[in-house]
Amino acid sequence: MKTYLKTLLRTFKKHVTRFLSIIFMVLVSVGFISGIGSATDKINFSLSDHYAEKNVSDFIIKCASEDGFSDGQIAKVKDMYGANNVNAGMSFDVNVKIGGVSRLTRLYFIDFNDWTVNIPDLTHGAAPADKTEIYSEASDNKIVGVETGAEVTLDFADILKQLAEQGGTEITSAMETMLARLKTVTLKVSGVVQSPLTFARDGEPSYKNPEDTKIPDNITDVNNLITLENILYVSKDVIPTYKDIMSFLPSDPVISPGDLYVALPNRKTFNAFDRRYDKYIVEEKQSVLTALAALEPETAEEADGGENETYRFITLNENYSFCSLHSYGQKVKGIGIVLMVAFIFVTALVVLSTMTRLLEEERGQIACLKTLGYSAPKIIFKYILFAMLGTGIGGAGAYFVGLGLAYLLCGAFNFSFAMPPISSHVALGFFLITFFTIVAATLVSTLIAGLRLTREKPANLLRPKPPKAGKKVFLERIPFIWNALSFKYKSTMRNVLRYKSRFFMTVIAVGVSMALVLAGLGLLDLCLFGGIDSATVLAISLVVVVFAGLLTMVVVYTLTNINISERNKELATLQVLGYHGREIAGYIYREIYIDTAVGIIVGYPLSLLVMWLIFSVMAMGSIGGVTWFWWLIAPVIVLFFTFLVTMVLRRKIVGIDMNESLKANE
């Protein structure tokens, strides 16, 4: 056992560079994929937590009845779902004076003491002390916002005239008499809040202008309904009677101020728009409609048929903020799935090559252990342990890299959304899939290579593996090209094409990296020139380019390092022959850049496939729409990261010990 442990420790010491290469390969690949994938899970968890914490309404019921919702109807719905899950109110869009300036404003009239549904976040100021103080909605890219302390003037006579004009209602003499009795109220903004329903920074078209909203004839600019200047929350105690307001409006639930906000009691069913939730909503809508209609016999027949002109429902499936954030999250997930395949493929390929060649170099060690009586499983276990420790350490680090990347991407959503707090739920789906796929590939490849070697006799293993037979490369059959090459380039081409497995592995790995870089630049093009104003897509594109570049570095470094280790004697011979360090480094560099150049060429068709898949899952952008110069920048990026590798490897190339290398057994 003592001898076994010594050989184990010596293996780690001798091959520390390869051990670190495995760690960094897994760190980059698994960290990137888990970060992209878990960002979607984090968003969905955050939506679900936000939905439950703020008691977000599952639907808003708008009533067009002349008397609005009756006390009996409100009591019935509260009895069905609980008093804390149902709030009544009204809302409409009118011009009001704020700081002496008339602005298009949405007014929500609610009971501050009974605000238990759609609980807002107080971002500035304080809660209203009495009915003369109000809340204003936080500003975004559309809403101007009203600062605390500002005065708001509500001229109810003017407001009701505006409502009558919007609804096409003719003002009668009786209405004029009623208007003359209305008073003007001056209110003060005491606090600024962020509604849990409207956190998209580009406004909330689902509530400000639903698709089936009837646009009043006097509104020539439809965007006026979409881009409200302000939203105010006012105590319902300051408004005239509901019946007086309804006399100025037509019977239309779309512009009716009669609202019921209903939060369904089963809060776990939402789960970021789970399929069960959609079914749940449909069932509960029908139950509510039936219950309301039962208290209003003339509408009962309509309710049984599933259609009702008196009531209109706006659900979370029609909420722009919730749906758009969820949709963006799904697009990120789609990108993650596409890139996961590419990263896993390259990582598994390189780790497989690393372990296979490590075992080949340890042929003598394996022969000695067999001679000492060690069994094949015990011998193979040493190399499996080497591989598993490398992937395990890389995987542990990758989890934290992925976590940080997920928070970075979620943070990028803040440019488009007033993001809910990022959920603390652990999202391991993408991490586990990627990590265990790489672990399985590493384990299987090490096991197969180990079994193949341990089946051989010790005498055969102690003999150096016969070198590949020399033969002409295909360029030698093209005289006008071959004859034009100098000796050093002829030597380089022979070395490049002689070891086909190493050549193809490098080409494929660089080709996939090139495709990933171009995919990232394609996403960047969407933001810069494609009209997609999304900080999230921009962040993803930069992350993809950086991690694809890092993948290129690790791949080229690992494969080249293996190449150098296998050719120590050859490089030492060149030193003995009088080659300078720069010439010996160039001997390896030429091979690296030739392999990289071929990989870049292969990467172009691969990039078409990767970009097509990404644009398809995002449902935006096209390959033809990618600006031409990105196709030229991508290979420059790949070559830059390759150049960094060559600089790192120079010391290893020129620092070869001639004596040790030349004493190796032939």
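The values are calculated or read from the model by the stated rules, or taken from the named source; none is laboratory data. Bear in mind that the values here come from a model prediction, so they are computed numbers and not experimental data. Neighbour counts are summed over all protein chains in view; Cβ atoms, including those assigned to glycine, are modelled from backbone coordinates with ideal geometry. Side chains are part of the model used for accessible areas, which takes the heavy atoms of the whole protein and leaves out ligands, DNA and RNA. Shrake-Rupley method; radii C 1.70, N 1.55, O 1.52, S 1.80 Å.
Worth a mention:
- Between segment 361-431 and segment 1-62, the Cα center-to-center distance that results, in Å: 8 Å
- In this calculation the C-beta distance from HIS124 to ARG275 is compared with R0 = 35 Å, giving a FRET efficiency of 0.35.
- Using equal-weight Cα scatterers in the Debye expression, the normalised intensity of segment 483-635 in log10 at q = 0.08 Å⁻¹ is -0.31.
- Approximate shape of segment 396-492 as ellipsoid semi-axes (Cα gyration tensor, √5λ), whole Å, largest first: 51, 29, 10
- With DNA, RNA and ligands ignored, accessible area of HIS50 (1.4 Å probe; Å², nearest 10): 20 Å²
- Seen from a random direction on average, the alpha-carbon convex hull of segment 439-559 projects onto 12.8 square nanometres.
- Listed cross-link partners LYS131/LYS183; LYS54/LYS333; LYS2/LYS382; LYS161/LYS188; LYS13/LYS652 are compared with a 19 Å cut-off, the Cα-Cα value being larger for LYS54/LYS333; LYS161/LYS188.
- Largest first, the residues TRP115, TRP612 sort by 1.4 Å accessible area into TRP612, TRP115.
- Percent of alpha-carbon pairs separated by more than 28 Å within segment 1-156: 53 percent
- Principal-axis tilt of helix 275-294 within the chain, Cα atoms, nearest 10 degrees: 10 degrees
- For segment 421-570, carbon and sulfur atoms together expose 68% of the accessible surface, with a 1.4 angstrom probe and every protein chain in place.
- Debye log10 I(q)/I(0) for segment 591-644, one point scatterer per Cα, at q = 0.26, 0.31 Å⁻¹: -1.04, -1.21
- The chain: angle of helix 156-167 to the longest principal axis, Cα-based, in degrees nearest 10: 70 degrees
- Other residues lying with their Cβ under 15 Å from the Cβ of ALA519 contribute a combined charge of 0, Lys and Arg counting +1, Asp and Glu -1.
- C-alpha long axis of helix 535-566 to longest principal axis of the chain, angle in °: 10 degrees
- Calculated mean residue ellipticity, 222 nm, the chain: -20000 deg cm²/dmol, from DSSP H runs (n ≥ 4) at -39500 (n - 2.57) each, averaged per residue and rounded to 500.
- Using a cut-off of 19 Å between Cα atoms, the listed pairs LYS76/LYS236; LYS6/LYS370; LYS472/LYS500; LYS465/LYS500; LYS457/LYS500 include LYS76/LYS236; LYS457/LYS500 as exceeding that distance.
- Mean projection of the Cα convex hull over all viewing directions, computed for segment 73-214: 10.4 nm².
- Using a probe of 1.4 Å, the accessible surface attributed to GLU283 totals some 90 Å² when neighbouring protein chains are kept in position.
- Note on the chain: Rg/Rh from C-alpha atoms, Kirkwood Rh, equals 1.16.
- For ARG103, the solvent-accessible surface computed with a 1.4 Å probe is close to 70 Å², ligands and nucleic acids excluded.
- Net charge contributed by nearby residues that have their C-beta within less than 11 Å of THR105 (K/R +1, D/E -1): 0
- Remark: the chain carries 45 Å² of accessible area per residue (probe radius 1.4 Å; ligands, DNA and RNA excluded).
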